[in-house]
Structure formats: structure tokens, C-alpha cells
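Structure first, commentary second.
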Amino acid sequence: MLSWQKKFAAYLELEMAELPGYFRYCLNTGKLVLLGILVSGGVVLQILACALYNNWWPMLTAITYVLLPMPLLFLVGSGRSSLFSESDSSWVNATKFLTGASAVGSIAIPAILKHSGVIGWGAFAMELSSFFVFVFAILCYIRINDEDDYSSL
Amino acid sequence: MDLLELWAIFGPGVAGAVFGAGWWIWLDAVVCSLVTVPFLHYLPGIFASFAALMFNCVRKEDIDYSPYDEGEWRLKLWLFIAYVVSFVSLAGSAGLLIQDSLDKSAPSVWTGVAGVLQCVFVLISGLVYWTSHPE
């Protein structure tokens, strides 16, 4: 019994090591489809929060969604290591500061609109759901960019 | 990866989030206030932000702790003025809170509370940024 399990494990290991390159490329394409579904879900929640109640004040949050990646695009290169590593550069620290401030704005604008009575609880919940779906998509995007694309083909 | 490295990585982002939270709390108080908030009530938040900017302009390696030399007295004077500005802004916001709670025609108590919270959050963000960047 034990030798049979060892043989089966060795067989599985050989099969996984010789997985074809195009199959792994299809897996990466599936991850991109997941990213597209997440971003589309966030956009749909954002528009539903405005259109269901015919109240377009929550569209102010879209301004902070545009502002959120701007410091990362302008001041920091496209590498992951500059964002999730300790840095001596003042520009990278200022970038992180501005990103944190913009992220709080995405939560604060629906909260202020709810507190002042402009929107109700339903629109507020959709706004927060939209924000967290976008943040999850960004984290998945950062995670996908970690992988090496040259090992796929 | 220990806790200090995590603090150095995510500390500036946390500082930005706390800073944004402070100013958004104040904006909530201004928007939801039934009475027009005079400009005097804006000053503690502005001075707290200025104080947080002041003591984050200093490079840590320039601070001299030697008991023998004269040291960088201009740097220490700058830090002292930054501390005085932050303390005066916090005291001013507390004074405006007391005024808002006593006077009927003034803005509501939430405006005073939001002013104190704004100063506290802005100064905390300055401290977070100071303790997180390693230079």
C-alpha cells in the first residue's frame, strides 16, 4: 500500500511538472477575466447606487476613484517592490501618504452624504460595496503582476 | 519580516489615511451644520496641518543629541515652534468646543467635537509619518 502511494505521488508530480505552457497561459487569461468581472462589478454597483434612487450625488466618489491610482502612476515606477517595501525615498513615502488620503476619501464621501441626509442606507451600502470590490480588484492585480510571465510559454 | 519593517512599509499610507480622516470629519461637520461656520473655526485644523508639515520637514539624522557641542539650535528651535503651534491649535479647538457648547447661536456641539477630532487626527498622522520613515 505504501509503495503504491509513493508511485502515485511520483506520477502526479511528473504530470504536474510537464503541464503544457499554453494551459498555464489559459490560467493566466482566466485571472484577467476575473479582474475584468471584479472591475465591472464595482462599476455596476457604483451606477446602481446613483440610478436606483435617481440621485447622482454619489457620483462624487468616482472622483476619488480616479485620484486613487494617480500618485502611484506618476511618482512611483510600475514595480511592486517600490510599493510594498521599505523605502528611503521621500517621493515613495509621499506617494503612500497621498494614496492613503485618497482611499479614506472614497469612504468619507458616502458617509458625509448619508450623514447629511442626501442619500439613504441602500445607496450608502452600494457605495461601500463598490469601494471594497475595487480594492479587492487592485490587490488581485498586484498579486497577478507578481508572477513571472516568461515561464508560461 | 518583523513589525518595525511592516511599520516602515505601511506607515506613510496609514498616516495619509488618518490625515484624510481628520479633514473629512471636519468637512462633515461643516456640511451638516445648520449655522454657517465662521472662518475662525477653520484655523485650528489649518494650523495643526501646518505643524504636522513642520516637524516632518526635519531629517532625523540632522538632530544632534550631543551634550558637549552647541548642536543644531536652529533645528531644535524649528521643532520647538512646531510643537508650540500644534499645542496651541489643539488648545484652540478645545476652546472653540467649549464655546460651541455654551453659546446657543454658535454652531452645534458636533462642530466643536469635529474640530477637536480633526486636530487630534492630523497631529497623529504627523506622528505616524515621523515614526514610520527611517531617514
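Observations, loosely collected:
- In terms of other Cβ atoms within 10 Å, A:115, B:41 run from fewest to most in the order A:115, B:41.
- Among B:119, A:26, sorting on how many other beta-carbon atoms sit within 10 Å of each Cβ, with the fewest leading, yields A:26, B:119.
- R0 of 22 Å, Cβ-Cβ distance residue B:127-residue B:40: FRET efficiency to nearest 0.05: 0.25
- In units of the compact-protein estimate 2.2 N^0.38 Å, the stretch B:1-130 shows a Cα radius of gyration of 1.25.
- Couplings for the stretch A:53-69, taken from phi via the Karplus curve 6.51 cos²θ - 1.76 cosθ + 1.60 with θ = phi - 60°, read 9, 6, 9, 9, 5, x, 5, 4, 5, 4, 5, 6, 5, 6, 6, 5, x Hz in order; Gly and Pro are left as x.
- FRET efficiency for residue A:26 and residue A:59, using Cβ-Cβ distance with R0 set to 41 Å, rounded to 0.05: 0.65
- Dimensionless Rg/Rh of the stretch B:73-131 - Kirkwood Rh, Rg from C-alpha atoms: 1.13
- Order of A:59, B:54 under a 10 Å beta carbon neighbour criterion, fewest first: A:59, B:54
Every number in this text was worked out from the coordinates using simple rules, so none of it is lab data. Computed from a prediction, not measured in an experiment: that's the story for all the values here. All Cβ positions, glycine included, derive from the backbone under ideal geometry; neighbour counts span all protein chains shown.
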